[in-house]
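Written below as structure tokens is the structure these notes are about.
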Amino acid sequence: MSASGVSRRFYSSLSAALPFAATLLLLFVTGCGGGGDDGPPRFRVSGTVTFDGKPVPAGTIYFQPAAGNKGPAGLAAIVKGKFDTSSGKGTVGGPHNVRVEGTDAAGVPIFVPHFEEIDLPKESSRQEFEIPASAADNLQTDAEPV
């Protein structure tokens, strides 16, 4: 057999094996289960955030599992006093440290970050957060005194 016949046979075998190898590589990278392990069960948390009795115009609410509670953190945007973790993956249940950051419509903070500890149920839930007016007492602004 000539050298060109061997190289033709080699490339023909290689092109036939390529789709099979690509499929094996794809299964290896994504996992045979089709989705892999996505961590512990997570639940939707939605609700309201008010500051001095009024809806917080904008901001972010963070849910960080507290000591002894394992799982990923969750967060949600606050829009017109409402939040919902359903746009992400939600939160794990159990004790959490919650951080609330609120801004006006222009993105200027309206109070210092507010912290609370809560125990989230291991199911979807609705939570309400009332930020006291005193949370603005230590707010640093760039405005000069008049």
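Side notes on the structure shown:
- Yes/no for Asp119 being without any contact (Cβ under 8 Å) to a residue 60 or more places away in the chain, in contact with a Gly (Cβ under 7 Å, 6 or more places away or on another chain) and not aromatic (Phe, Trp, Tyr): yes
- Filter result (surrounded by 15 or more Cβ atoms within 10 Å (Cβ to Cβ) and either of a type outside the set (Ser, Thr, Tyr) or in a loop (DSSP other than H, G, I, E, B) (or both)) within the range 97-112: Asn97, Val98, Arg99, Val100, Glu101, Gly102, Pro109, Ile110, Phe111, Val112
None of the figures in this text is laboratory data; all of them are computed from the coordinates on show. Keep in mind the model is a prediction, meaning the values are calculated, not measured. Neighbour counts run over all protein chains shown; Cβ positions are idealised from the backbone, glycine included.
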